[in-house]
Amino acid sequence: MNRKEYLARQKKLGRRVFGVFPAQYPREILWAAGVLPVEIWDPPLAAGRSEAHLQPYICSVVKLGLELLLQGKAEMADGFLFPHTCDSIQNLASVAHDYIGLRKPCYFFYHPKAPYRDSARNYYQSQLKALAQALEESRGPLDPQELQRRVAQGQEINRLMGQIYQRRAAGALELDNAQFYEAIRRAEWLWPDDLIAELKDLLAAQPGDPDRRPSLVLSGVLPNPPELLTLLDDLGARVGHDDLLACSRRWLSAPATAGDPYQALSEAYFNLPPCSSKGSPLARRLEWLLGLCRETRAKGVIFNTVKFCETELFDVPILSDELKKNGYPCLVLDTELNQGLSGQIATRVEAFLEMIA
(Lines give C-alpha, C1' and ligand atoms only; values in the text may rest on other atoms or scores of the structure.)
Protein backbone atom coordinates (compact mmCIF):
# COMPACT_ATOMS: atom_id res chain seq x y z
CA MET A 1 0.00 0.00 0.00
CA ASN A 2 1.13 3.57 -0.52
CA ARG A 3 2.16 5.90 2.30
CA LYS A 4 -1.22 7.59 2.75
CA GLU A 5 -3.08 4.28 2.96
CA TYR A 6 -0.48 2.91 5.34
CA LEU A 7 -0.76 5.89 7.69
CA ALA A 8 -4.56 5.65 7.70
CA ARG A 9 -4.25 2.01 8.68
CA GLN A 10 -1.85 2.86 11.49
CA LYS A 11 -4.30 5.38 12.89
CA LYS A 12 -7.06 2.77 12.85
CA LEU A 13 -4.75 0.62 14.97
CA GLY A 14 -4.80 3.38 17.59
CA ARG A 15 -1.41 4.91 16.85
CA ARG A 16 -0.83 8.62 16.52
CA VAL A 17 1.08 10.01 13.56
CA PHE A 18 3.68 12.75 13.98
CA GLY A 19 5.24 14.69 11.14
CA VAL A 20 8.97 14.84 11.87
CA PHE A 21 11.31 17.27 10.17
CA PRO A 22 14.92 16.31 9.39
CA ALA A 23 17.03 14.73 10.61
CA GLN A 24 18.29 13.24 13.93
CA TYR A 25 15.70 12.38 16.55
CA PRO A 26 15.04 9.52 19.04
CA ARG A 27 12.42 7.61 17.10
CA GLU A 28 12.41 4.86 19.77
CA ILE A 29 10.81 7.20 22.33
CA LEU A 30 8.02 8.01 19.88
CA TRP A 31 7.44 4.32 19.16
CA ALA A 32 7.25 3.59 22.90
CA ALA A 33 4.58 6.31 23.20
CA GLY A 34 2.52 4.72 20.43
CA VAL A 35 3.50 7.40 17.93
CA LEU A 36 4.52 6.68 14.33
CA PRO A 37 7.08 9.26 13.13
CA VAL A 38 6.65 10.20 9.48
CA GLU A 39 9.61 12.17 8.22
CA ILE A 40 9.14 15.27 6.06
CA TRP A 41 12.07 15.65 3.66
CA ASP A 42 11.02 16.26 0.08
CA PRO A 43 7.24 16.13 -0.43
CA PRO A 44 6.31 16.28 -4.13
CA LEU A 45 5.06 19.85 -4.09
CA ALA A 46 5.90 23.07 -5.84
CA ALA A 47 6.93 25.85 -3.45
CA GLY A 48 4.52 28.78 -3.67
CA ARG A 49 2.83 29.89 -0.48
CA SER A 50 5.91 29.15 1.63
CA GLU A 51 7.92 31.81 -0.20
CA ALA A 52 5.89 34.53 1.52
CA HIS A 53 7.25 33.35 4.89
CA LEU A 54 10.87 32.54 4.03
CA GLN A 55 13.91 34.24 2.57
CA PRO A 56 14.67 33.31 -1.05
CA TYR A 57 17.99 31.74 -0.02
CA ILE A 58 16.46 29.04 2.23
CA CYS A 59 16.96 25.43 1.17
CA SER A 60 14.12 23.56 -0.50
CA VAL A 61 13.89 21.01 2.35
CA VAL A 62 12.54 23.81 4.54
CA LYS A 63 10.49 25.40 1.76
CA LEU A 64 8.74 22.16 0.84
CA GLY A 65 8.16 21.24 4.47
CA LEU A 66 6.45 24.56 5.15
CA GLU A 67 4.54 24.27 1.86
CA LEU A 68 3.16 20.93 3.04
CA LEU A 69 1.81 22.60 6.17
CA LEU A 70 0.41 25.68 4.40
CA GLN A 71 -1.41 23.61 1.78
CA GLY A 72 -3.09 21.58 4.53
CA LYS A 73 -1.62 18.32 3.28
CA ALA A 74 -0.40 17.25 6.70
CA GLU A 75 -3.84 17.17 8.32
CA MET A 76 -3.43 13.47 9.08
CA ALA A 77 -0.61 14.33 11.50
CA ASP A 78 -1.54 14.51 15.17
CA GLY A 79 1.54 16.56 16.02
CA PHE A 80 4.96 17.62 14.80
CA LEU A 81 8.53 17.25 15.99
CA PHE A 82 11.24 19.75 15.07
CA PRO A 83 14.83 18.69 15.74
CA HIS A 84 17.48 21.41 15.82
CA THR A 85 19.32 20.12 12.76
CA CYS A 86 20.34 23.53 11.46
CA ASP A 87 19.37 27.17 11.78
CA SER A 88 16.89 26.88 8.91
CA ILE A 89 15.00 23.98 10.49
CA GLN A 90 15.05 25.82 13.82
CA ASN A 91 13.56 28.91 12.16
CA LEU A 92 10.95 26.72 10.48
CA ALA A 93 9.95 25.51 13.94
CA SER A 94 9.35 29.13 14.98
CA VAL A 95 7.35 29.93 11.84
CA ALA A 96 5.18 26.82 12.16
CA HIS A 97 4.64 27.07 15.90
CA ASP A 98 4.32 30.82 16.38
CA TYR A 99 3.18 32.47 13.15
CA ILE A 100 1.06 30.35 10.80
CA GLY A 101 -1.48 29.12 13.33
CA LEU A 102 -0.55 25.43 13.20
CA ARG A 103 -3.17 24.00 15.54
CA LYS A 104 -1.33 20.81 16.34
CA PRO A 105 1.00 20.00 19.24
CA CYS A 106 4.62 20.84 18.41
CA TYR A 107 7.60 19.24 20.10
CA PHE A 108 11.23 20.26 19.89
CA PHE A 109 14.46 18.31 20.23
CA TYR A 110 17.90 19.86 20.64
CA HIS A 111 20.85 17.57 20.06
CA PRO A 112 24.41 18.67 20.87
CA LYS A 113 27.01 19.62 18.31
CA ALA A 114 30.67 18.61 18.28
CA PRO A 115 33.10 18.71 20.00
CA TYR A 116 31.63 16.08 22.29
CA ARG A 117 32.57 15.94 25.94
CA ASP A 118 30.95 14.34 28.97
CA SER A 119 28.78 17.43 29.27
CA ALA A 120 27.44 16.84 25.74
CA ARG A 121 26.46 13.27 26.64
CA ASN A 122 24.76 14.43 29.82
CA TYR A 123 22.95 17.14 27.88
CA TYR A 124 21.78 14.66 25.23
CA GLN A 125 20.32 12.34 27.85
CA SER A 126 18.54 15.28 29.46
CA GLN A 127 16.98 16.10 26.09
CA LEU A 128 15.85 12.51 25.63
CA LYS A 129 14.14 12.53 29.01
CA ALA A 130 12.62 15.95 28.38
CA LEU A 131 11.02 14.70 25.14
CA ALA A 132 9.73 11.58 26.89
CA GLN A 133 8.24 13.73 29.65
CA ALA A 134 6.57 16.04 27.12
CA LEU A 135 4.99 13.06 25.36
CA GLU A 136 3.81 11.62 28.66
CA GLU A 137 1.68 14.72 29.25
CA SER A 138 -0.57 13.71 26.35
CA ARG A 139 0.08 9.97 25.95
CA GLY A 140 0.40 8.92 29.58
CA PRO A 141 3.44 7.39 31.33
CA LEU A 142 5.88 5.49 29.16
CA ASP A 143 6.10 1.81 29.97
CA PRO A 144 9.80 1.18 30.80
CA GLN A 145 9.64 -2.31 29.30
CA GLU A 146 8.07 -0.96 26.11
CA LEU A 147 10.78 1.67 25.84
CA GLN A 148 13.44 -1.01 26.33
CA ARG A 149 11.84 -3.10 23.59
CA ARG A 150 11.70 -0.20 21.16
CA VAL A 151 15.33 0.69 21.85
CA ALA A 152 16.25 -2.92 21.06
CA GLN A 153 14.29 -2.63 17.81
CA GLY A 154 16.15 0.53 16.90
CA GLN A 155 19.45 -1.30 17.37
CA GLU A 156 18.16 -4.19 15.27
CA ILE A 157 17.23 -1.80 12.47
CA ASN A 158 20.71 -0.24 12.58
CA ARG A 159 22.26 -3.71 12.44
CA LEU A 160 20.15 -4.75 9.44
CA MET A 161 20.87 -1.47 7.67
CA GLY A 162 24.58 -2.08 8.21
CA GLN A 163 24.31 -5.52 6.63
CA ILE A 164 22.37 -4.12 3.67
CA TYR A 165 25.02 -1.46 3.09
CA GLN A 166 27.75 -4.10 3.31
CA ARG A 167 25.98 -6.17 0.67
CA ARG A 168 25.55 -3.06 -1.46
CA ALA A 169 29.23 -2.17 -1.13
CA ALA A 170 30.21 -5.68 -2.25
CA GLY A 171 27.90 -5.50 -5.28
CA ALA A 172 25.83 -8.37 -3.91
CA LEU A 173 22.44 -6.65 -3.70
CA GLU A 174 20.33 -7.03 -6.81
CA LEU A 175 18.82 -3.57 -6.86
CA ASP A 176 19.62 -0.69 -9.16
CA ASN A 177 20.33 2.73 -7.69
CA ALA A 178 16.72 3.92 -7.77
CA GLN A 179 15.35 0.67 -6.30
CA PHE A 180 17.92 0.64 -3.50
CA TYR A 181 17.07 4.12 -2.24
CA GLU A 182 13.35 3.55 -2.62
CA ALA A 183 13.71 0.55 -0.29
CA ILE A 184 15.97 2.36 2.21
CA ARG A 185 13.75 5.42 2.41
CA ARG A 186 10.71 3.40 3.49
CA ALA A 187 12.35 3.62 6.91
CA GLU A 188 11.12 7.22 6.99
CA TRP A 189 7.51 6.16 7.60
CA LEU A 190 7.17 2.47 8.49
CA TRP A 191 6.30 1.17 11.95
CA PRO A 192 9.39 -0.62 13.35
CA ASP A 193 7.85 -4.11 13.24
CA ASP A 194 7.03 -3.69 9.54
CA LEU A 195 10.38 -2.07 8.78
CA ILE A 196 12.35 -4.91 10.37
CA ALA A 197 10.34 -7.45 8.37
CA GLU A 198 11.03 -5.61 5.10
CA LEU A 199 14.75 -5.28 5.81
CA LYS A 200 15.00 -8.99 6.62
CA ASP A 201 13.19 -9.82 3.37
CA LEU A 202 15.65 -7.64 1.50
CA LEU A 203 18.60 -9.49 3.02
CA ALA A 204 16.97 -12.88 2.46
CA ALA A 205 16.91 -12.40 -1.33
CA GLN A 206 19.48 -14.65 -2.94
CA PRO A 207 22.29 -12.60 -4.49
CA GLY A 208 22.96 -13.12 -8.17
CA ASP A 209 26.15 -12.38 -10.04
CA PRO A 210 28.23 -9.60 -8.45
CA ASP A 211 27.46 -6.12 -9.74
CA ARG A 212 30.59 -5.18 -11.69
CA ARG A 213 29.54 -1.66 -12.63
CA PRO A 214 31.97 1.10 -11.64
CA SER A 215 31.28 2.22 -8.07
CA LEU A 216 30.75 5.76 -6.79
CA VAL A 217 30.21 7.31 -3.38
CA LEU A 218 27.27 9.73 -3.20
CA SER A 219 27.45 12.47 -0.56
CA GLY A 220 24.98 15.16 0.44
CA VAL A 221 21.56 15.39 2.06
CA LEU A 222 19.14 13.30 -0.02
CA PRO A 223 19.12 10.94 -3.02
CA ASN A 224 17.07 13.61 -4.78
CA PRO A 225 16.35 14.46 -7.55
CA PRO A 226 15.59 10.80 -8.31
CA GLU A 227 16.47 11.44 -11.95
CA LEU A 228 20.11 11.50 -10.85
CA LEU A 229 19.87 7.89 -9.69
CA THR A 230 18.17 6.87 -12.93
CA LEU A 231 20.83 8.66 -14.97
CA LEU A 232 23.60 6.81 -13.13
CA ASP A 233 21.80 3.53 -13.84
CA ASP A 234 21.47 4.43 -17.52
CA LEU A 235 25.17 5.30 -17.70
CA GLY A 236 26.20 2.04 -16.06
CA ALA A 237 27.39 3.40 -12.69
CA ARG A 238 26.56 2.07 -9.23
CA VAL A 239 26.28 4.00 -5.97
CA GLY A 240 28.36 1.60 -3.90
CA HIS A 241 27.94 3.61 -0.71
CA ASP A 242 26.66 6.95 0.41
CA ASP A 243 27.37 9.74 2.87
CA LEU A 244 23.82 11.09 2.84
CA LEU A 245 22.21 12.77 5.84
CA ALA A 246 18.89 11.07 5.10
CA CYS A 247 20.47 7.62 4.78
CA SER A 248 23.74 6.17 6.05
CA ARG A 249 24.60 9.02 8.43
CA ARG A 250 21.50 8.13 10.48
CA TRP A 251 21.60 4.34 10.28
CA LEU A 252 25.18 3.11 10.49
CA SER A 253 25.67 3.25 14.25
CA ALA A 254 27.82 0.79 16.18
CA PRO A 255 25.82 -1.32 18.66
CA ALA A 256 25.20 0.25 22.05
CA THR A 257 26.26 -1.70 25.12
CA ALA A 258 24.42 0.21 27.87
CA GLY A 259 21.47 -1.46 29.56
CA ASP A 260 19.63 1.73 30.47
CA PRO A 261 17.50 2.77 27.46
CA TYR A 262 18.43 6.46 27.67
CA GLN A 263 22.12 5.64 27.93
CA ALA A 264 21.77 3.22 24.99
CA LEU A 265 20.10 5.91 22.87
CA SER A 266 22.84 8.36 23.78
CA GLU A 267 25.56 5.85 22.96
CA ALA A 268 23.97 5.07 19.60
CA TYR A 269 23.77 8.75 18.71
CA PHE A 270 27.44 9.41 19.46
CA ASN A 271 28.40 6.28 17.49
CA LEU A 272 26.86 7.61 14.26
CA PRO A 273 29.09 8.65 11.33
CA PRO A 274 30.38 12.23 11.25
CA CYS A 275 27.96 14.78 9.87
CA SER A 276 27.99 18.46 8.96
CA SER A 277 24.70 18.99 10.81
CA LYS A 278 26.39 17.93 14.06
CA GLY A 279 29.49 20.07 13.59
CA SER A 280 31.78 17.08 13.07
CA PRO A 281 35.42 17.99 12.38
CA LEU A 282 36.41 18.00 8.73
CA ALA A 283 39.25 15.59 9.46
CA ARG A 284 36.74 13.00 10.70
CA ARG A 285 34.49 13.49 7.70
CA LEU A 286 37.42 13.12 5.33
CA GLU A 287 38.55 9.95 7.07
CA TRP A 288 35.02 8.56 6.84
CA LEU A 289 34.70 9.34 3.13
CA LEU A 290 38.09 7.86 2.35
CA GLY A 291 37.05 4.70 4.16
CA LEU A 292 33.87 4.43 2.07
CA CYS A 293 35.88 4.91 -1.12
CA ARG A 294 38.34 2.20 -0.18
CA GLU A 295 35.61 -0.20 0.96
CA THR A 296 33.72 0.06 -2.33
CA ARG A 297 36.74 0.57 -4.62
CA ALA A 298 35.01 3.75 -5.72
CA LYS A 299 36.17 5.53 -8.85
CA GLY A 300 35.08 8.90 -7.50
CA VAL A 301 32.68 10.89 -5.33
CA ILE A 302 29.61 12.89 -6.32
CA PHE A 303 28.60 15.65 -3.90
CA ASN A 304 24.93 16.28 -4.60
CA THR A 305 24.17 19.28 -2.40
CA VAL A 306 20.77 20.88 -1.89
CA LYS A 307 20.93 24.49 -2.98
CA PHE A 308 21.50 26.88 -0.05
CA CYS A 309 22.27 24.05 2.42
CA GLU A 310 24.91 25.95 4.36
CA THR A 311 25.89 23.10 6.70
CA GLU A 312 26.98 21.02 3.69
CA LEU A 313 28.33 23.83 1.55
CA PHE A 314 30.83 24.89 4.21
CA ASP A 315 32.41 21.41 4.15
CA VAL A 316 32.26 20.40 0.50
CA PRO A 317 35.08 22.57 -0.99
CA ILE A 318 37.69 21.30 1.48
CA LEU A 319 36.47 17.69 1.37
CA SER A 320 36.50 17.74 -2.43
CA ASP A 321 40.04 19.11 -2.59
CA GLU A 322 41.37 16.58 -0.08
CA LEU A 323 39.69 13.65 -1.79
CA LYS A 324 41.25 14.67 -5.10
CA LYS A 325 44.68 14.76 -3.42
CA ASN A 326 44.04 11.19 -2.31
CA GLY A 327 43.24 10.03 -5.85
CA TYR A 328 39.44 10.26 -5.85
CA PRO A 329 37.98 12.63 -8.47
CA CYS A 330 34.95 14.62 -7.33
CA LEU A 331 31.92 16.16 -8.98
CA VAL A 332 29.97 18.84 -7.08
CA LEU A 333 26.32 19.35 -8.04
CA ASP A 334 24.01 22.02 -6.65
CA THR A 335 20.39 20.93 -7.16
CA GLU A 336 16.86 21.76 -6.06
CA LEU A 337 14.59 19.01 -4.75
CA ASN A 338 12.06 17.48 -7.14
CA GLN A 339 13.23 19.71 -10.00
CA GLY A 340 14.66 16.99 -12.22
CA LEU A 341 18.02 17.29 -13.95
CA SER A 342 18.85 20.03 -16.38
CA GLY A 343 20.62 19.11 -19.59
CA GLN A 344 23.71 20.88 -18.28
CA ILE A 345 23.87 18.77 -15.10
CA ALA A 346 23.20 15.56 -17.03
CA THR A 347 26.07 16.42 -19.39
CA ARG A 348 28.40 17.12 -16.45
CA VAL A 349 27.55 13.75 -14.86
CA GLU A 350 28.12 11.92 -18.14
CA ALA A 351 31.46 13.69 -18.68
CA PHE A 352 32.53 12.85 -15.10
CA LEU A 353 31.78 9.17 -15.59
CA GLU A 354 33.66 9.12 -18.87
CA MET A 355 36.65 10.72 -17.17
CA ILE A 356 36.86 8.16 -14.35
CA ALA A 357 36.03 5.10 -16.47
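The values are calculated or read from the model by the stated rules, or taken from the named source; none is laboratory data. These figures come from a predicted structure and were not determined experimentally. Positions of Cβ are generated from backbone atoms using ideal geometry, with glycine treated the same way; all protein chains shown enter the neighbour counts.
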Just one listed residue, out of Ser138, Ser88, Ser126, Ser94, is of a type in the set (S, T, N, Q) and surrounded by 18 or more Cβ atoms within 10 Å (Cβ to Cβ), and it is Ser88
Does Tyr57 qualify as being modelled with pLDDT of 95 or more and either part of a loop (DSSP other than H, G, I, E, B) or crowded, with 22+ Cβ neighbours inside 10 Å (or both)?
-> no
What about Glu67, is it crowded, with 18+ Cβ neighbours inside 10 Å, over 19 Å from the mean Cα position of the chain (by Cα) and acidic (Asp, Glu)?
-> yes
For the subset of the stretch 89-106 comprising residues that are touching a residue at least 60 places away in the same chain (Cβ under 8 Å) and touching a helix residue (DSSP H, G or I) at 6+ places or on another chain (Cβ under 7 Å), which member is nearest to Glu312 (Cα to Cα)?
-> Ile89
Does the stretch 113-129 contain any residue that is closer than 22 Å to Trp189 by Cβ, in a loop (DSSP other than H, G, I, E, B) and not β-branched (Val, Ile, Thr)?
-> no
Pairs under 6 Å by beta carbon, first residue under 9 Å from Ser280 (Cβ atoms) in the stretch 111-123, partner surrounded by 14 or more Cβ atoms within 10 Å (Cβ to Cβ), six or more apart or different chains?
-> Lys113/Lys278; Ala114/Lys278; Ala114/Ser280
Counting only residues that are crowded, with 19+ Cβ neighbours inside 10 Å and polar (S, T, N, Q), which one in the stretch 245-290 is nearest to Glu146 (Cα to Cα)?
-> Ser266
Looking only at helices (runs of 4 or more DSSP H) that fall completely inside the stretch 157-265, which ones have 2 or more residues that are closer than 19 Å to Gly291 by Cα, in contact (Cβ under 8 Å) with a residue 40 or more places away in the chain and not hydroxyl-bearing (Ser, Thr, Tyr)?
-> 248-251
Using the structure shown, decide if Val35 is modelled with pLDDT of 95 or more and aliphatic (A, V, I, L, M).
-> yes
For the stretch 348-357, name all the residues that are part of a helix (DSSP H, G or I) and either within 16 Å of Phe303 (Cα to Cα) or in contact (Cβ under 8 Å) with a residue 12 or more places away in the chain (or both).
-> Arg348, Val349, Glu350, Ala351, Phe352, Leu353, Met355, Ile356
Among the residues listed as Gly291, Gly340, Gly327, the single one being in contact with an Asp or Glu (Cβ under 6 Å, 6 or more places away or on another chain) and farther than 23 Å from Cys86 by Cβ = Gly340
The listed residue being within 29 Å of Gln127 (Cβ to Cβ), under 21 Å from the mean Cα position of the chain (by Cα) and surrounded by fewer than 20 Cβ atoms within 10 Å (Cβ to Cβ), out of Arg3, Arg15, Arg27 | Arg3
